[in-house]
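Chemist: Sharing a structure, written as structure tokens. Questions coming.
The values are calculated or read from the model by the stated rules, or taken from the named source; none is laboratory data. This is a predicted model, so every value here is computed, not measured. Note that each Cβ is placed from the backbone with ideal geometry, even for glycine, and that neighbours are counted across all protein chains shown.
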Amino acid sequence: MVKMKNKGLKTGILIIGLFTAAAILAPIISPHDPAAISQDELLMTPSLKHPLGTDSLGRDILSRMIFGARVSLSVALIAVGISTVTGVFLGSIAGYYGGFIDSFIMRLADIFLCFPTFFLILAVVAFTEPSLFNIMAIIGFTSWMGSARLIRSQILSLKEREFILAEKALGATDFRIVTYHLIPNAISPILVNAIFAIGSAILIESGLSFLGLGVQPPTPSWGNILIESKSTLAVAWWITIFPGLAIFLTIAGFHLIGEGLKKQLLNQ
Amino acid sequence: MKNLLEVKNLSKIYKGNSFFGNAKDVKALNDINFTLKPYEILSVIGESGCGKSTLAKLLIKLITPSSGQVIYDTRIIEKLTKDVQIIFQNPYQSLSPRMRIRDLMAEPLFIHHIAKKNSKDINNRLEELLKMVGMEKDALERFPHQFSGGQRQRICIARALACEPKLLILDEPISSLDLTIQVKMLDLFLELKKKLGLTYIFISHNLAVVKKIADSILILKEGELVENNRTSEIFVSPKHPYTKKLIEAAK
Amino acid sequence: MKKILEVKNLSVEFRIEEKRIEAVRNFTLDMEEKEIIVLAGESGSGKTIASLALTRILPALAKITAGEAYFEGKDLFLKTEIELQALRGAKISYIFQEPLVYLNPVFKISEQLKETIIYHDKISPEEANKRMLELLNLVKIIDPETVGNIYPHQLSGGMNQRVFIALALASNPKLIIADEPTTALDVITEAQILEMLKDLQNKLGFSLLFITHNLSIAKKIANRVFIMHRGEIVESEKTAEIFNSPKHIHTKELVYAYEKIGKL
């Protein structure tokens, strides 16, 4: 199916694979309990016992990073899942039916697009309590516009093609035509877009958690580990570097996969 | 024998777009009248833009007429019926690219509730249909792009036959195929007609083909029906000057 | 008569990853000056690739692996890309099947014609304008002033094809290669275009290589017919011979199809 000759794709899959494995196997491979506070081991430099050092409460950074991977990745995946499903649904209806429905949905998208995403999310978060589920839903429901527009334009061009006419002539219902014939043929760019969106989602979640509005301690997230980094940068560089590196690598990994997939699909 | 199809005063006008000032209406078809007896082949001939595709779409109810009626088997049909199926011109575009042949062919059976998903009889029926059009059953697991134009057209025919239609509308079904393949397809059409008791409306611009297979012919020019007669009459004593021009050009 | 085109044992391969597919094999064809030759064969027999190989306008994955080609006695495969560019559109012109695909949708007809004229002949704009109108007249376009002023999508298929032919004639080519130019047109228009091509060939004296899968065209215009099957030439004869006594099995198939549905 997917030919593995693409070096970028391979690298990306390797990186994300590692992080995902870490996230799934967290309880097994984590050397310490991420919430375990230790008064004697505050702000220790990376050592054999604590390969990535400890934070100002003596918690092992590595363990917190591994569990943090769980949180960051799942939030991103679910958020993008929500936004893609919403986007595909709204975009398909807009593209297929056209007319008033199309205008309405597209104006809705325009309105959402007017707000700088992050501030929109901040505003919503201000009114709701910051919980894991809320974060996923908020990120998801404020970023559907990209995939909606993509699938709408794909469907606009596909629906005039002869095979759609043939399906109509056979008596297929609109629902059947859209779900079995239009969406499968239009889905490739949406997939690529979704991969890139996961990268963005990780960044957004990290940002929100860093500001204290996302995942709440003691649940670790790469973003909220960074909360301490502001005050401890001079004495404990490891609290800043490692979470930052993780975020960077993960987003890079997803981008590599996205670019690799784009190349793959272009060649088809 | 009573008529299988009666078309009365059929017209289709596409409204001009007055918002942009270009308010001309396009008369795609104007007052078309003809009848079709069962088991016959009626051919519709004309140049590009004469309205033959519009006629096909009207007959299969993909679009609604501006005026006039299509009476099928003494009933006025309002919407799509499985008794009338259509084969389109371009075999490279008429099959959904991401579906297997099996799913494409089974679709009409589901749509018209002839069979339920995953029932065992479907397989037999699909193999039977493929055999009828001269294809092997291993085609079922493949995708459209793995077949040639002629083969794809055969798949389209098998699909159209799935619901046991009585009338097949063939909109230039062989025009985009090589001449050598066209001959084979024509033989297939005639064989199927005999075996399954079908009636055809065969749209074409190839007079040689039409002369060979049609019982009667409609000549369309810019939306108007200029001549309507039995095949032999049309070729032996064409009446309208346009018909004569067509025959001259084909010689 | 001198031979204007001589192709010997031409082979063209497609290379897709590790696979090699021979599109053209041992292709041999010759044309005399002022001759009309029909190259006939089914779709996929390699006719188009063979004709494009002559001036090396091949898709990226195709490579010429063997053979020779001489135009007016000079070796085509020894020419550089710059020399070939001077040849294309000037001495060797092509006409393809779908004019709308090959005409630029954002330029008026007159502009596209003048562009070609000026590129090859370096004459003044007024002279180019005159020549453009002459050309449109040659292809029997009734109102060349008006037609020149509009865009390709506003014309019918037949009219666009005439424009395309005018483009091909712009610099008085010695050889025109027409690849299924009438396949997408209806019967009446096809008959008109064929007759026009025959007239023009008579009047202007170019050689015409006409590619098709329909032998009835050969009957109407060809001096000789080359039959192509799976990349190779399987038979070549004078037109009458091909129809009266076809020898190769694929020639017979094509003639059989013609007898059944190619003629009234």
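Yes/no matrix, rows are residues, columns are (1) out of contact with any Lys or Arg (no Cβ under 9 Å at 6 or more places or on another chain); (2) among the aromatic types (Phe, Trp, Tyr); (3) surrounded by fewer than 19 Cβ atoms within 10 Å (Cβ to Cβ); (4) under 29 Å from residue B:190 (Cα atoms):
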site: B:26; (1), (2), (3), (4): no, no, yes, no
site: B:39; (1), (2), (3), (4): no, yes, yes, yes
site: B:46; (1), (2), (3), (4): no, no, no, yes
site: B:57; (1), (2), (3), (4): no, no, no, yes
site: B:74; (1), (2), (3), (4): no, no, yes, yes
site: B:77; (1), (2), (3), (4): no, no, yes, yes
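Chemist: Looking at the range A:169-179, which of its residues are assigned to a helix (DSSP H, G or I) and under 19 Å from residue A:94 (Cβ atoms)?
Modeler: At the first step, the residues of the range A:169-179 found to be assigned to a helix (DSSP H, G or I) are A:169-170, A:174-179.
Residues satisfying the conditions are A:174, A:175, A:176, A:177, A:178, A:179.
Chemist: State all residues of the range C:134-174 that are within 14 Å of chain B (Cβ to nearest Cβ) and outside any helix (DSSP H, G or I); if no residue qualifies, say none. Full working, then the answer.
Modeler: In the first step, residues of the range C:134-174 are kept if they are within 14 Å of chain B (Cβ to nearest Cβ); the result is C:154-161.
C:155, C:156, listed by residue number.
Chemist: Find the helices (runs of 4 or more DSSP H) located wholly in the range C:1-120 whose residues include 3 or more that are in contact with a helix residue (DSSP H, G or I) (Cβ under 9 Å, 6 or more places away or on another chain) and within 25 Å of residue C:201 (Cα to Cα), and list them.
Modeler: Output list reads C:81-87, C:99-102.
Chemist: Conditions first: (1) within 13 Å of chain B (Cβ to nearest Cβ); (2) within 16 Å of the chain's Cα centre (by Cα); (3) not aliphatic (A, V, I, L, M). Residue C:258 passes all but one, so which condition is the exception?
Modeler: Only one criterion in (1) within 13 Å of chain B (Cβ to nearest Cβ); (2) within 16 Å of the chain's Cα centre (by Cα); (3) not aliphatic (A, V, I, L, M) is unmet by residue C:258, namely (2).
Chemist: OK, next. Looking only at the range C:171-193, filter to residues that are of a type in the set (D, E, K, R) and over 17 Å from residue C:140 (Cα atoms); which one of those is surrounded by the most Cβ atoms within 10 Å (Cβ to Cβ)? Please lay out each step first, then the result.
Modeler: Of all residues in the range C:171-193, those of a type in the set (D, E, K, R) come to C:174, C:179-180, C:186, C:190.
Narrowing the set further to residues that are over 17 Å from residue C:140 (Cα atoms) leaves C:174, C:179-180, C:186.
Details: C:174: 19, C:179: 18, C:180: 19, C:186: 22.
Applying the filter and picking the extreme gives C:186.
Chemist: Oh, and also: Taking the residues in the range C:1-38 that are of a type in the set (A, V, I, L, M, F, W, C) and within 14 Å of another protein chain (Cβ to nearest Cβ) as candidates, determine which candidate is surrounded by the fewest Cβ atoms within 10 Å (Cβ to Cβ).
Modeler: Taking the range C:1-38 as the starting set, the residues that turn out to be of a type in the set (A, V, I, L, M, F, W, C) are C:1, C:4-5, C:7, C:10, C:12, C:14, C:16, C:21, C:23-24, C:27, C:29, C:31, C:36-38.
After this cut, where a residue has to be within 14 Å of another protein chain (Cβ to nearest Cβ) as well, the list is C:16, C:38.
Values: C:16: 8, C:38: 25.
The qualifying residue surrounded by the fewest Cβ atoms within 10 Å (Cβ to Cβ) is C:16.
Chemist: Which of the helices (runs of 4 or more DSSP H) contained wholly in the range B:82-171 include at least 3 residues that are within 16 Å of residue A:171 (Cα to Cα) and in contact (Cβ under 8 Å) with a residue 60 or more places away in the chain?
Modeler: Ranges flagged: B:149-161.
Chemist: Sticking with this one: Working carefully through the options A:90, A:113, find the one that is surrounded by fewer than 22 Cβ atoms within 10 Å (Cβ to Cβ), over 15 Å from the mean Cα position of the chain (by Cα) and in contact (Cβ under 8 Å) with a residue 24 or more places away in the chain. Before you say what the answer is, go through the steps one by one.
Modeler: Details: A:90 fails: surrounded by fewer than 22 Cβ atoms within 10 Å (Cβ to Cβ).
Of A:90, A:113, the one residue that is surrounded by fewer than 22 Cβ atoms within 10 Å (Cβ to Cβ), over 15 Å from the mean Cα position of the chain (by Cα) and in contact (Cβ under 8 Å) with a residue 24 or more places away in the chain is A:113.
Chemist: Name the residues in the range B:85-136 that are away from chain A (no Cβ under 14 Å) and of a type in the set (Asp, Glu), would you?
Modeler: Answer for the range B:85-136, where residues must be away from chain A (no Cβ under 14 Å) and of a type in the set (Asp, Glu): B:121, B:127, B:128, B:136.
Chemist: Here's a follow-up. Being out of contact with any Pro (no Cβ under 8 Å at 6 or more places or on another chain), assigned to a helix (DSSP H, G or I), modelled with pLDDT under 90 and hydroxyl-bearing (Ser, Thr, Tyr) narrows it down to one of C:189, C:183, so name that one. Lay out the reasoning, then the answer.
Modeler: Values: C:183 fails: assigned to a helix (DSSP H, G or I).
Just one listed residue meets the conditions, C:189.
Chemist: While we're here: Pull up the range A:169-187, narrow it to residues that are of a type outside the set (A, V, I, L, M, F, W, C) and under 10 Å from residue B:98 (Cβ atoms), then point me to the one that is farthest from the other protein chains (Cβ to nearest Cβ). Before you say what the answer is, go through the steps one by one.
Modeler: In the first step, residues of the range A:169-187 are kept if they are of a type outside the set (A, V, I, L, M, F, W, C); the result is A:171, A:173-174, A:176, A:179-181, A:184-185.
Add one more test, that the residue is under 10 Å from residue B:98 (Cβ atoms), and what stays is A:180-181, A:184-185.
Working: A:180: 7, A:181: 5, A:184: 5, A:185: 6 Å.
Taking the candidates together, the pick is A:180.
Chemist: Moving to a separate point now. Just give me the residues in the range B:210-221 being touching a strand residue (DSSP E or B) at 6+ places or on another chain (Cβ under 8 Å) and either surrounded by fewer than 22 Cβ atoms within 10 Å (Cβ to Cβ) or of a type in the set (Gly, Ala, Ser) (or both), in sequence order. Give the steps one after another, and end with the answer.
Modeler: In the first step, residues of the range B:210-221 are kept if they are touching a strand residue (DSSP E or B) at 6+ places or on another chain (Cβ under 8 Å); the result is B:210, B:213-220.
B:213, B:214, B:215, B:216 - these are the residues of the range B:210-221 that are touching a strand residue (DSSP E or B) at 6+ places or on another chain (Cβ under 8 Å) and either surrounded by fewer than 22 Cβ atoms within 10 Å (Cβ to Cβ) or of a type in the set (Gly, Ala, Ser) (or both).
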